[in-house]
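One structure below.
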Amino acid sequence: MGSRKMKRRLDKVWTAVVYLILTLAAAVTLLPLAWVISTSLKPGNEIFANPPYWIPKVPTLENYLSVLTESSIPGAFLNSLIVGGISTFLALLLGGSAGYAFSRFRFRGRKGLSLFMLISQMLPLTVLMIPMYYMENAVGLIDTKLGLAIAHLAISMPLVTWMSKGYFNGIPKEIEEAAVMDGCTTLQMLSRIVIPLLKPALAATGIYAFISSWNEFAIANVLTRSTTSRTVPLALNEFSSFYRVDWGDTMAAATIITIPVIIVFMLVQKQFVEGLASGAVKG
Amino acid sequence: MNRLRLTKDEKKAIPFILPGLLVTALLIVYPLYYIVSMSFSENAISRSGFAGMDNYFSLFRNPMFGAAIENTVVWTIGTVVPAFLIGFILALLIEKKGLKMKGVFRSLIFVAWIIPGVVKATAWKWLFTTDGGMINHILMSLGIIRTEIPWLTSPNFAMLSIIIVQVWACAPYVMLMMTAGLQQLSTDLYESAELDGAGWFKKLRYITVPLLKDVSFICILMLLVWAINEFSLIFIMTSGGQDTTTLSLLVYNQFEVLNINSASASAVMQLIITMIFAVLYVKFVIKEDE
């Protein structure tokens, strides 16, 4: 049975090749990010060393220190938290209840409206940004955190509605009917039974809405002007827009604004990847 | 039955859905109406004076528009095709039977996908830089190039550079989508195919590819929409230099220089193009849902 042995050997070679390719792919994916961290830990004289090297010779936190004490990043971080917090809260409240209605009730226009929510997630931000600018200008909301939070609601509302509609679909109607039989009002039934059941899913939805506000650049770039409302993506972009860029500080700032994103996404990775498949997720 | 009378379900739905609909009307429907009406006005800012199609005609006559369309086509095809192929191949490899560390690879690639776009763009700006950037250094030490290439500022390389970054950024999404699709395929099919003596290519050709058709379409349409809509990556890396001005950059540039008539007309053009693919996408998602 030489051929079976041969086949097994071929299989082993093939598996090794697969590992090699995947390792290479993971390296290509992650090396740019490793370079960000490496640069952020280098003192000024090592950053432009020729030839460049990966491991800092004298690793230092001085870039982080200067970003945290002398730059606009801490202020922008706070702005981003507030803007993201307001828009996520409103999106969960309004989009969550709309998603519930789409899932539970039959009403005229239901299908059309829910498709509109799906398609709204694909609107170009460069198209929304111009009317938003004039609308907010008319009511004095330019360069305010509230103004940006409201604009971000245009992104997160459809997202939350569509995602939560899917989650509510997964809860059997019988559970709700039983609760109503036991004398619960609709609000009691929602707050005591449905929402606790969906806690992880709704948390994932909220985190997703928050991150899309945290990362958003195009609209914030137009609606904000000063440090009173500029969010982290804009603050980071300012770092690398100078004629002489301080790459050490820039990469430290990039790391600082990425860490919260990675932490929260790791918490909801499972729900998140499942959501991908149902077409509910925008990058 | 009275058409205007609300059914029992509709009465229950109203308190849940009305606030959300009002917000959607104010933040999405009204802005869309607003931009369209701007594009048909003689004075777009004040939305006064009906201009008919004049803003569109002068946009079409402007050579910048033709160039932007050309750039958008190059950018879109240049990013969507490689991102899809690379992501698909990686998904096939990662789902190979008996592979260990599957979860580790997937998590690593997932991490790369969720990094904020601005961070990705800034990181690559640093990698592509001419004064001691990593990419120039690697290529020079491998002997592929002799002198540094000004990647982001040269007319010949700027588009290629941002395409590389977008492919790098989007391939992980395709991989995640396709692995989700592959996991739904039943192993029975493969086992019976193996019993019939089908090799890996035959299995790929007759089982994997046909059954993944829908999820592939969804992926490709999503990539198309993202490519057409992409703004921050291109803006941050090349500041919208001429050779990388896609349609969304054109909209922004015209808005920046206060050429609002032209900005609103090009925005509506972008909206139309995006919506063609978005509608196709929605059709596929519904088909999957049912």
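Take the conditions aliphatic (A, V, I, L, M), touching a Leu at 6+ places or on another chain (Cβ under 7 Å), surrounded by 12 or more Cβ atoms within 10 Å (Cβ to Cβ) and modelled with pLDDT of 90 or more and apply them to B:Leu18. Does it pass? First the steps, then the outcome.
On the way: aliphatic (A, V, I, L, M): yes; touching a Leu at 6+ places or on another chain (Cβ under 7 Å): no; surrounded by 12 or more Cβ atoms within 10 Å (Cβ to Cβ): yes; modelled with pLDDT of 90 or more: yes.
For B:Leu18, the condition - aliphatic (A, V, I, L, M), touching a Leu at 6+ places or on another chain (Cβ under 7 Å), surrounded by 12 or more Cβ atoms within 10 Å (Cβ to Cβ) and modelled with pLDDT of 90 or more - is not met.
Go through the stretch A:246-265 residue by residue and tally those that are aliphatic (A, V, I, L, M), within 8 Å of another protein chain (Cβ to nearest Cβ) and without any contact (Cβ under 8 Å) to a residue 60 or more places away in the chain.
Step one: list which residues in the stretch A:246-265 are aliphatic (A, V, I, L, M), which gives A:251-254, A:256-257, A:259, A:261-264.
Then keep just the ones that are within 8 Å of another protein chain (Cβ to nearest Cβ); that gives A:251, A:254, A:257, A:261-262.
With without any contact (Cβ under 8 Å) to a residue 60 or more places away in the chain added as a condition, the list becomes A:261-262.
Result for the stretch A:246-265: 2.
Output the residue which, of all residues in the stretch B:29-45 that are part of a helix (DSSP H, G or I) and aromatic (Phe, Trp, Tyr), is surrounded by the most Cβ atoms within 10 Å (Cβ to Cβ). So that I can check it myself, show each step before the final result.
Just the residues of the stretch B:29-45 that are part of a helix (DSSP H, G or I), to begin with: B:29-39.
Pick out the ones that are also aromatic (Phe, Trp, Tyr) and you get B:30, B:33-34.
On the way: B:Tyr30: 14, B:Tyr33: 12, B:Tyr34: 18.
It comes out as B:Tyr34.
Out of the stretch A:40-59, which residues are of a type in the set (S, T, N, Q) and modelled with pLDDT under 95? Show your work before the answer.
The first filter runs over the stretch A:40-59 and keeps only residues of a type in the set (S, T, N, Q), leaving A:40, A:45, A:50.
Residues satisfying the conditions are A:Asn45, A:Asn50.
How about the stretch A:161-230: which helices (runs of 4 or more DSSP H) wholly inside it have at least 1 residues that are more than 13 Å from every other protein chain (Cβ to nearest Cβ)?
Working: elements: A:173-181, A:186-189, A:199-215, A:218-223.
Here the list reads A:173-181, A:186-189, A:199-215.
So that you can scan it fast, the table gives a plain yes or no per residue for (1) crowded, with 20+ Cβ neighbours inside 10 Å; (2) among the charged types (D, E, K, R); (3) modelled with pLDDT of 95 or more; (4) closer than 16 Å to B:Tyr173 by Cβ:
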{"site": "B:Arg205", "(1), (2), (3), (4)": "no, yes, no, no"}
{"site": "B:Lys213", "(1), (2), (3), (4)": "no, yes, no, no"}
{"site": "B:Cys219", "(1), (2), (3), (4)": "yes, no, no, yes"}
{"site": "B:Glu230", "(1), (2), (3), (4)": "yes, yes, yes, yes"}
{"site": "B:Gly240", "(1), (2), (3), (4)": "no, no, no, no"}
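Going through the stretch B:224-239 one residue at a time, which ones are within 10 Å of another protein chain (Cβ to nearest Cβ), β-branched (Val, Ile, Thr) and within 21 Å of B:Phe84 (Cβ to Cβ)?
Scanning the stretch B:224-239 gives B:Val225, B:Ile228.
What residue, of B:Leu90, B:Leu26, is surrounded by fewer than 17 Cβ atoms within 10 Å (Cβ to Cβ) and assigned to a helix (DSSP H, G or I)?
Within the list B:Leu90, B:Leu26, the selection yields B:Leu26.
How many residues, within the stretch A:133-163, are under 22 Å from the mean Cα position of the chain (by Cα) and of a type outside the set (Ser, Thr, Tyr)? Show your work before the answer.
Our first condition is that a residue be under 22 Å from the mean Cα position of the chain (by Cα); within the stretch A:133-163, this holds for A:144-163.
If we keep only those that are of a type outside the set (Ser, Thr, Tyr) too, we end up with A:145-155, A:157-160, A:162-163.
Qualifying residue count, the stretch A:133-163: 17.
May I ask you to verify whether B:Leu221 is in a helix (DSSP H, G or I), under 20 Å from B:Glu95 (Cα atoms), among the hydrophobic types (A, V, I, L, M, F, W, C) and in contact with a helix residue (DSSP H, G or I) (Cβ under 8 Å, 6 or more places away or on another chain)?
Numbers: in a helix (DSSP H, G or I): yes; under 20 Å from B:Glu95 (Cα atoms): no; among the hydrophobic types (A, V, I, L, M, F, W, C): yes; in contact with a helix residue (DSSP H, G or I) (Cβ under 8 Å, 6 or more places away or on another chain): yes.
So B:Leu221 fails the test.
So which residues in the stretch B:224-243 are within 19 Å of B:Phe157 (Cα to Cα), assigned to a helix (DSSP H, G or I) and not β-branched (Val, Ile, Thr), if there are any at all?
Here is the first cut: in the stretch B:224-243, the ones within 19 Å of B:Phe157 (Cα to Cα) are B:227, B:230-243.
Filter once more, so that each one left must be assigned to a helix (DSSP H, G or I): B:227, B:232-238, B:242-243.
Of everything in the stretch B:224-243, those that are within 19 Å of B:Phe157 (Cα to Cα), assigned to a helix (DSSP H, G or I) and not β-branched (Val, Ile, Thr) turn out to be B:Ala227, B:Ser232, B:Leu233, B:Phe235, B:Met237, B:Gln242, B:Asp243.
Identify, please: which residue in the stretch A:117-129 is assigned to a helix (DSSP H, G or I) and touching a residue at least 40 places away in the same chain (Cβ under 8 Å) and is, among those, nearest to B:Leu4 (Cα to Cα)?
So in the stretch A:117-129, the residues assigned to a helix (DSSP H, G or I) come out as A:117-120, A:125-129.
Those left that are additionally touching a residue at least 40 places away in the same chain (Cβ under 8 Å): A:117-118, A:125-126, A:128-129.
Working: A:Met117: 25, A:Leu118: 27, A:Leu125: 37, A:Thr126: 39, A:Leu128: 34, A:Met129: 37 Å.
Among those residues, the one meeting the criterion is A:Met117.
Check whether at least one residue in the stretch B:51-73 is without any contact (Cβ under 8 Å) to a residue 24 or more places away in the chain and not in a helix (DSSP H, G or I), and report yes or no.
Yes: the stretch B:51-73 contains one or more residues that are without any contact (Cβ under 8 Å) to a residue 24 or more places away in the chain and not in a helix (DSSP H, G or I).
Out of (1) part of a helix (DSSP H, G or I); (2) modelled with pLDDT under 95; (3) under 30 Å from A:Trp162 (Cβ atoms), what's the single condition that is false for A:Pro233?
Unmet for A:Pro233, out of (1) part of a helix (DSSP H, G or I); (2) modelled with pLDDT under 95; (3) under 30 Å from A:Trp162 (Cβ atoms): (2).
Out of the helices (runs of 4 or more DSSP H) lying entirely within the stretch B:108-201, which hold 1 or more residues that are in contact (Cβ under 8 Å) with a residue 24 or more places away in the chain and surrounded by 15 or more Cβ atoms within 10 Å (Cβ to Cβ)?
On the way: elements: B:117-128, B:134-141, B:158-184, B:187-195.
Counting at least 1 such residues, we get B:117-128, B:158-184.
Considering only residues of the stretch B:244-264 that are β-branched (Val, Ile, Thr) and part of a helix (DSSP H, G or I), which is nearest to B:Asn43 (Cα to Cα)? Can you show your working first?
Of all residues in the stretch B:244-264, those β-branched (Val, Ile, Thr) come to B:244-246, B:251, B:257, B:260.
Adding the requirement that they be part of a helix (DSSP H, G or I) leaves B:244, B:251, B:260.
Numbers: B:Thr244: 29, B:Val251: 17, B:Ile260: 8 Å.
Restricting to residues being β-branched (Val, Ile, Thr) and part of a helix (DSSP H, G or I), the top hit is B:Ile260.
The values are calculated or read from the model by the stated rules, or taken from the named source; none is laboratory data. Just so we're clear, the structure is a prediction, and the values are computed from it rather than from any experiment. Because the Cβ atoms are built from the backbone with ideal geometry, glycine has one as well, and the counts that use them run over all protein chains shown.
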